[in-house]
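A quick write-up on the structure given underneath.
The values are calculated or read from the model by the stated rules, or taken from the named source; none is laboratory data. Quick caveat: nothing in here was measured; it's all calculated off a predicted structure. Positions of Cβ are backbone-derived with ideal geometry, glycine not excepted, and every protein chain shown enters the neighbour counts.
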Amino acid sequence: MKSVLDIENISFRYSKDIAIFDNFSLTLREGEIKAIVGPSGVGKSTLFELILGHRKPSHGMIRSESYSQVFQDPYSSFHPTYTVREQIMEVTSMQGYESLLVQMGLEEAFLDSLPHKLSGGQLQRCSILRALLMKPKLLLLDEPTSALDNLNQLDIMKLIVSHIEGMGVLLITHDGDLARWCADEIITLKYSETDKIPLQP
């Protein structure tokens, strides 16, 4: 299967004493889900920032296909003064949105609401809707179900898995059960017990 994300031997440091990544490599292919797990502060979100180009590794290479992303806080993902529909249409067409609305338990009226009028769970589902409508090759999910209750978490992840064809998913989660349920591979980032410097798997 074609790779949608290639990370080759990247290194990144916030300071000369703390190496967040040191010769870290990862390949994600179409149809795969890989989960990144580990304690807070170990570098999970930094990895996404590197993939998105918001930070630059000191050496190594990152190559990705077209991507969309879903972050933990949905309110930070939407501009407060435009409706959800307007913001979806800024980045993609609405083709196929009706069936996704039904599958996600969203009402059409939610799309014409301002973000602050929706609950965190409703807005997060809108964020996932937008990401899927973009038809990415790479889907980046940073704690995407943390705003949802347990039943909705499972339903939403089942929906994402059902759209995995032609796409690879990289998932950050603290939920080990969720990672074991959906991921083809779990990559654990952890600290050294002696010096608290992040180590690679």
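Of the numbered conditions (1) within 20 Å of LEU129 (Cα to Cα); (2) in contact (Cβ under 8 Å) with a residue 40 or more places away in the chain; (3) assigned to a helix (DSSP H, G or I); (4) out of contact with any helix residue (DSSP H, G or I) (no Cβ under 8 Å at 6 or more places or on another chain), SER76 fails exactly one; give the number of that condition.
(2)
Given (1) modelled with pLDDT under 95; (2) surrounded by 13 or more Cβ atoms within 10 Å (Cβ to Cβ); (3) of a type outside the set (Asp, Glu), identify the lone condition not met by LYS117.
(1)
Hey, does region 24-47 have a residue that's at pLDDT 90 or above, under 22 Å from VAL91 (Cα atoms) and of a type outside the set (Ser, Thr, Tyr)?
no
When you scan region 79-105, how many residues do you find that are among the β-branched types (Val, Ile, Thr), part of a loop (DSSP other than H, G, I, E, B) and more than 21 Å from the chain's Cα centre (by Cα)?
The number of residues fulfilling the criteria is 2.
Anything in region 15-60 that is acidic (Asp, Glu) and within 15 Å of the chain's Cα centre (by Cα)? List them, or say none.
Scanning region 15-60 gives GLU32, GLU49.
Is there any pair linking a residue in region 12-33 that is among the polar types (S, T, N, Q) to one that is surrounded by fewer than 19 Cβ atoms within 10 Å (Cβ to Cβ) and assigned to a strand (DSSP E or B), with Cβ under 7 Å and at least six apart or on different chains, and which?
If the second residue must be surrounded by fewer than 19 Cβ atoms within 10 Å (Cβ to Cβ) and assigned to a strand (DSSP E or B), the pairs left are ASN23/ASN9; ASN23/SER11; SER25/GLU8; SER25/ASN9; THR27/SER3; THR27/ASP6.
Just checking, how many residues over region 13-24 are of a type in the set (Phe, Trp, Tyr) and surrounded by fewer than 21 Cβ atoms within 10 Å (Cβ to Cβ)? Steps first, please.
Applying the first criterion (of a type in the set (Phe, Trp, Tyr)) to region 13-24 yields 14, 21, 24.
In the following step, the residues that additionally are surrounded by fewer than 21 Cβ atoms within 10 Å (Cβ to Cβ) were identified as 14.
Qualifying residue count for the region: 1.
Under 7 Å by Cβ, and 6 or more places apart or on different chains, what pairs join a residue from region 146-166 that is within 26 Å of MET1 (Cβ to Cβ) with one that is small (Gly, Ala, Ser)?
ILE164/GLY31; GLU165/GLY31
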